[in-house]
Amino acid sequence: MMILHRVYISPDKVIVNGKALELTEKGSALLTQIYRSHIGNYPKFFKMDTLCKLGFVASELLLNAEGNRNFEPREDRAVILFNRSASLQADTNYQSTIQDSENFFPSPAAFVYTLPNIVTGEIAIRNKYFGETSFIVIEENDEKLIEQNLSVAFQDTDTKSIIGGWLDCTDEENFEANIFLMEK
Amino acid sequence: MTAPIYITGCGVVSAIGLNQKESLETLMGEHSGVGQLTYLKTEHKEFPVGEVKLSDAEMRNRLGISDNAITTRTALMGMLALDEALKQAEITPEMLPEIGFISGTTVGGMDMSEQFYLDYINNDAHKEYISVHDCGNCSEMTAKHFGDFAFVTTLSTACSSAANAIILGANMIRCGEAEIVIVGGSECITKFHLNGFNSLMILDTKPCRPFDATRNGLNLGEGAAYLVLESEKSAKKRNVKIQAVLSGYGNACDAFHQTASSPDGEGAYRAMKEALEIAGVKTTEVDYINAHGTGTPNNDVSESQAMMRLFGNNIPPASSTKPFTGHTTSASGSIEAVFCILALQNGFLPVNLNYSQAMDDGIIPVHQSTKKDLKHILCNAFGFGGNDSSLLLSKFEQK
Amino acid sequence: MDELIYKLKQEIIEALNLEDMTPEDIDENASLFGEGLGLDSIDALELIVLMEKNYGIKLQDPNQGKEIFKSVKVMAEFIQQNRTK
């Protein structure tokens, strides 16, 4: 297995293939800044929860680094992400819409994101990936364990490459992405 | 065709029974476990649900857990199912450090979190429950009750979680990373997702009617099921009885919408196709399909289209068992896989309860009790996020 | 009526996170879904919540939305006739 490209995002740092991007914002504002300066033209971004925003911009930077984006349907690329906090930030956000019986309006848009794997689906929709998608919750960002889990995904002979790695978010200002594009 | 993966033990808990024996009797007797809400405290009494017919205290009592212990309903149901699976596969506590545990869940410890959420903010009275909120913690708690496993992993891909736990475990065995992996899922009903599904306007106030013209949504259910997956080498060495074979599986993305399924069932079609390809089984050899069949207008059209595309004019008998159990969300993939194994072993087609009228553009499900010798069964589980998975379960035949 | 339409536009922008849009950008006669604002089924459900929360109108059947959400103007007319708050 070989890692071709890697993207790291924390609330105050963005690194693509070892090179830091020069951005000024911090926290969730940083994600919006990445969107505006490097992506754009995908207004659905603003509807996403923080985990999805993080996964979306990280995967965009990763795929821009790969280059030659054509958005043609493909099934040879899997999206398999890992974290510790599942959908905690979205859970809290949705819970606030059902907490008060006097002001009880469960939000469908907020509920949807209480599923951590929505982010793998969003990446697949954006890039028309019809291959495997999965989301796995583990104790900590253990790259050895992650690679072990990804290596077994290549058992599926259709799968030639994987967008994989760590994608965690506890609230709007605390998150970490360390994702990579890997080939068999 | 690759080396077979054997299933040497199963355990299942749902609205239609606390073990395989009870589940089999209820499936064959055609009694639904869906009814009025009893155990969950909510004002939403208008929605029928498939609850496991035990309180948390009764579950703790059965498991020999003290009433002061911190538990969640998801973990308790998981323990009941895991206990049955371990016993059937003749796995003793000394063996656990060599065995992996992969469990699918999405709601995790939300049942306790939502009860004590205000307390978290206002005082420390129930702060110990914060630590059990995580999905990962529910799997750990379930596993710990029996001992120390080699590893514990949580799969969280919405309603296909348990099916994907099964797929991950099977791939690990195929790679030689493990000889035995216990896989499945557990999920209890919570107000959290009852209100969420209600906000998506996909809950029916009447018993659900998958593949029926009048279908109008799903009923939520709860439960847990685990399967013991084992390599041929290990099963032979232990001389343990083989219950069934996991001969194929597929995981594909619908890549269409966060919650809605594509009109042509692209993801479902690809997942079923891949499961058959891995196994080297032809479409004409499939004897039964246990459909995802939630009873929502959208799912049942999409899944029907996928079946029509794959099987043409020869669609095998198919049914949804969700009218028996309700939609057990993250656990549905493993609960229904166990039902399929029971069908293989006992030679019958589970009935699609509550069916009366053919839908447009859809399949006609099995609606009369039928005895049939079965060899290969496809079992579908689809999740939000377009995460579609299908398992091919086959009868074990001594060579 | 114009006042309600303007207020509704503001509420829609906020509820659906239509970043970078102002009420002036929304044509009150244009379709909210498909070609128009490009909203999807989750947005439709969110608009149903908006009507209940802000105007006390409870829709039971999501299919009713198809007619009501044809445009901001149609939606405003429906609210005018059916509002309880």
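Listed values, structure above:
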| quantity | calculated |
| --- | --- |
| Residue satisfying all of: in region A:116-131; among the β-branched types (Val, Ile, Thr) and touching a strand residue (DSSP E or B) at 6+ places or on another chain (Cβ under 7 Å); surrounded by the fewest Cβ atoms within 10 Å (Cβ to Cβ) among these | A:Ile123 |
| Filtered residues of region B:144-177 (kept if over 23 Å from B:Ala271 (Cα atoms) and in contact (Cβ under 8 Å) with a residue 60 or more places away in the chain) | B:His145, B:Phe146 |
| Criterion (open to solvent by 50 Å² or more (accessible area, probe 1.4 Å), modelled with pLDDT of 95 or more, in the same structural domain as B:Met272 (by TED's automatic domain parsing) and out of contact with any helix residue (DSSP H, G or I) (no Cβ under 7 Å at 6 or more places or on another chain)) met by exactly one of B:Asn354, B:Asn346, B:Asn298 | B:Asn298 |
| The listed residue being in contact (Cβ under 8 Å) with a residue 60 or more places away in the chain, over 21 Å from A:Asp49 (Cα atoms) and open to solvent by less than 10 Å² (accessible area, probe 1.4 Å), out of A:Ser151, A:Ser161 | A:Ser161 |
| Leading residue by the ranking (most open to solvent (accessible area, probe 1.4 Å)) among those in region A:132-147 that are outside any strand (DSSP E or B) and facing chain B (nearest Cβ under 7 Å) | A:Glu139 |
| Flag if A:Glu60 is outside any strand (DSSP E or B), over 15 Å from A:Arg126 (Cβ atoms) and either of a type outside the set (S, T, N, Q) or modelled with pLDDT of 95 or more (or both) | no |
| Residue within region B:318-332 that is in contact with a Ser or Thr (Cβ under 8 Å, 6 or more places away or on another chain) and either assigned to a loop (DSSP other than H, G, I, E, B) or assigned by TED's automatic domain parsing to the domain that holds B:Gly221 (or both) present | yes |
| Residue in region A:79-93 that is aromatic (Phe, Trp, Tyr), within 14 Å of another protein chain (Cβ to nearest Cβ) and part of a helix (DSSP H, G or I) present | no |
| Test result for B:Leu200, open to solvent by less than 20 Å² (accessible area, probe 1.4 Å), outside the structural domain of B:Gly385 (by TED's automatic domain parsing) and over 19 Å from the mean Cα position of the chain (by Cα) | yes |
| Residue within region B:219-228 that is over 30 Å from B:His44 (Cβ atoms) and either in the same structural domain as B:Gln357 (by TED's automatic domain parsing) or open to solvent by less than 20 Å² (accessible area, probe 1.4 Å) (or both) present | yes |
| From B:Ala255, B:Ala271, B:Ala260, B:Ala244, residue being in contact with a Ser or Thr (Cβ under 7 Å, 6 or more places away or on another chain), within 14 Å of chain A (Cβ to nearest Cβ) and farther than 20 Å from B:Asp361 by Cα | B:Ala271 |
| Pairs with Cβ under 7 Å, 6+ apart, first in region B:256-271 and open to solvent by 10 Å² or more (accessible area, probe 1.4 Å), second of a type in the set (Ser, Thr, Tyr) and at pLDDT below 95 | B:Ala260/C:Ser41 |
| Tally of residues being part of a helix (DSSP H, G or I), over 13 Å from the mean Cα position of the chain (by Cα) and within 8 Å of chain B (Cβ to nearest Cβ) across region A:99-126 | 3 |
| Among (1) touching a Phe, Trp or Tyr at 6+ places or on another chain (Cβ under 7 Å); (2) open to solvent by 10 Å² or more (accessible area, probe 1.4 Å); (3) more than 7 Å from every other protein chain (Cβ to nearest Cβ), the one test that A:Asp156 misses | (1) |
| Residues within region A:70-85 that are more than 21 Å from A:Ile146 (Cβ to Cβ) and in contact (Cβ under 8 Å) with a residue 40 or more places away in the chain, tallied | 5 |
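Matching residues to (1) without any contact (Cβ under 8 Å) to a residue 60 or more places away in the chain; (2) at the interface with another protein chain (Cβ under 10 Å from one of its Cβ atoms); (3) open to solvent by 60 Å² or more (accessible area, probe 1.4 Å):
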{"site": "C:Met1", "(1), (2), (3)": "no, no, yes"}
{"site": "C:Asn17", "(1), (2), (3)": "yes, yes, yes"}
{"site": "C:Ala30", "(1), (2), (3)": "yes, no, no"}
{"site": "C:Asp40", "(1), (2), (3)": "yes, yes, no"}
{"site": "C:Val49", "(1), (2), (3)": "yes, yes, no"}
{"site": "C:Val72", "(1), (2), (3)": "no, no, no"}
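The values are calculated or read from the model by the stated rules, or taken from the named source; none is laboratory data. Predicted model, so just to flag it, every value in this text is computed and none were measured. When we count neighbours, we look across all protein chains shown, and the Cβ atoms used for this are built from the backbone with ideal geometry, even at glycine. For the accessible areas, the whole protein counts, side chains as well, though only heavy atoms, and no ligand, DNA or RNA atoms are used. Shrake-Rupley method; radii C 1.70, N 1.55, O 1.52, S 1.80 Å.
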